[in-house]
Amino acid sequence: MAANYWESTQRRNWQYTREQLADLRKKLEEEEPKLVQMYPLPQLRHMSIYFNQQIARLGKRLGVRQQAIATAQMYIRRFYTKVEVRRTNPYLVIAAAVYLACKMEECPHHIRLLVAEGRTLWPDFFSSDTSKLGECEFFLISKMSSQMIIHQPYRSLTSLQSIFSLTQEESALAWSIINDHYMTDMPLLFAPHIVAVTAILLSIVLRPNTTGLQSASGSAGNMANAAHQALRSVSQAKSGNGGAQSAADAKVVRFQEWLAESDIDIEAVVDCTQEVISFYEVQEQYNEKPCKEQINRFVKARGLDK
């Protein structure tokens, strides 16, 4: 097991460029052209939001902590870079990922409990046969080449929040942004510390208030405006042109100075920030009903619920 991200299989084998990810997914669809034609799917980010909702529902019923939920989300995202989604029952994959993640994060649940909860949540799409879940778990492990150690951004966030004197609300917002990034390709594109730094940057600029996180990040427009301001701060830190001195907010000043002195890939932070904005714009257009119907259709039609 790698003690840190830089020596991990996550960095060596599960970090991609956008072009590499697109090629992987294109090849999977080219292997199943009839399935792709017969069963159109929602756009990837909408489908990821739907999967996240289902994971959250299952996790809530089981009392699973966020670290394990995040690990399960990573397993699913990795798995579907190796297997075309129309070949699987996503509800079974979700349950298997949560089951496996709970083991890896040392908060295991009995397989019968997972099956019972799966039957409760998705009665028309989930078998009562525990062996089905066990088989799917081994399928997940196989497709991930038994590389199941996940390095999360939460650790970096925890270690950095004292440096920037984040308030409880700012820390909560940064945590929330990290939670949301699992509904995107960001875990496969960026190192965990880049995601954490981006979340801190946005949390500082968004300045959540006592009325809650939703008011601070409730629209993609608000997020975009704040992010543009944040990106300017990053650019100033990179060029060293004295932009920090003109910033009124002490935390932004502190962030700029720290970023300028660090070895952080600033271009990656800029890119990651833009991905966050793009996701929130897509999220505003999300409609669960058609997404659910398209997924359920191929599961039923192909008999994957048996």
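Below are the figures for this structure:
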read-out	value
Contacts under 7 angstrom Cβ, first residue in the stretch 49-66 being in contact (Cβ under 8 Å) with a residue 40 or more places away in the chain, partner among the charged types (D, E, K, R) and part of a helix (DSSP H, G or I), 6 or more apart	TYR50/GLU288; TYR50/LYS292; LEU58/GLU117; ARG61/GLU117; LEU62/GLU117
Criterion (touching an Asp or Glu at 6+ places or on another chain (Cβ under 9 Å) and among the small types (Gly, Ala, Ser)) met by exactly one of ALA101, ALA97, ALA116	ALA97
Pairs with Cβ under 7 Å, 6+ apart, first in the stretch 283-304 and of a type in the set (S, T, N, Q), second modelled with pLDDT under 95 and open to solvent by 40 Å² or more (accessible area, probe 1.4 Å)	GLN294/PRO40
Condition check for GLU267: touching a helix residue (DSSP H, G or I) at 6+ places or on another chain (Cβ under 6 Å), open to solvent by 20 Å² or more (accessible area, probe 1.4 Å) and at pLDDT 85 or above	no
Qualifying residues in the stretch 129-163 (those that are within 23 Å of the chain's Cα centre (by Cα), among the hydroxyl-bearing types (Ser, Thr, Tyr) and at negative phi) - the one least open to solvent (accessible area, probe 1.4 Å)	TYR154
Test set (1) over 22 Å from ILE94 (Cα atoms); (2) under 21 Å from the mean Cα position of the chain (by Cα); (3) open to solvent by less than 70 Å² (accessible area, probe 1.4 Å) - LEU166 fails condition number	(2)
Looking only at the stretch 1-30, and only at residues there that are more than 17 Å from the chain's Cα centre (by Cα) and among the polar types (S, T, N, Q), the one that is surrounded by the most Cβ atoms within 10 Å (Cβ to Cβ)	SER8
Members of the stretch 188-199 that are buried (at least 23 other Cβ atoms within 10 Å of the Cβ) and either under 19 Å from TYR286 (Cβ atoms) or of a type in the set (Gly, Ala, Ser) (or both)	ALA196, ALA199
So ALA70, is it open to solvent by less than 10 Å² (accessible area, probe 1.4 Å), free of Cβ contacts under 8 Å to residues at least 60 places away in the same chain and more than 24 Å from LYS300 (Cα to Cα)	no
Options PRO33, PRO40; residue that is closer than 22 Å to PHE298 by Cα, touching a residue at least 40 places away in the same chain (Cβ under 8 Å) and surrounded by fewer than 19 Cβ atoms within 10 Å (Cβ to Cβ)	PRO40
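The values are calculated or read from the model by the stated rules, or taken from the named source; none is laboratory data. Every value quoted in this text rests on a predicted model; they were computed, and no experiment measured them. We place every Cβ from the backbone using ideal geometry, glycine too, and count neighbours over all the protein chains shown. These area figures cover heavy atoms from the full protein model, side chains too; ligands, DNA and RNA do not enter into them. Shrake-Rupley method; radii C 1.70, N 1.55, O 1.52, S 1.80 Å.
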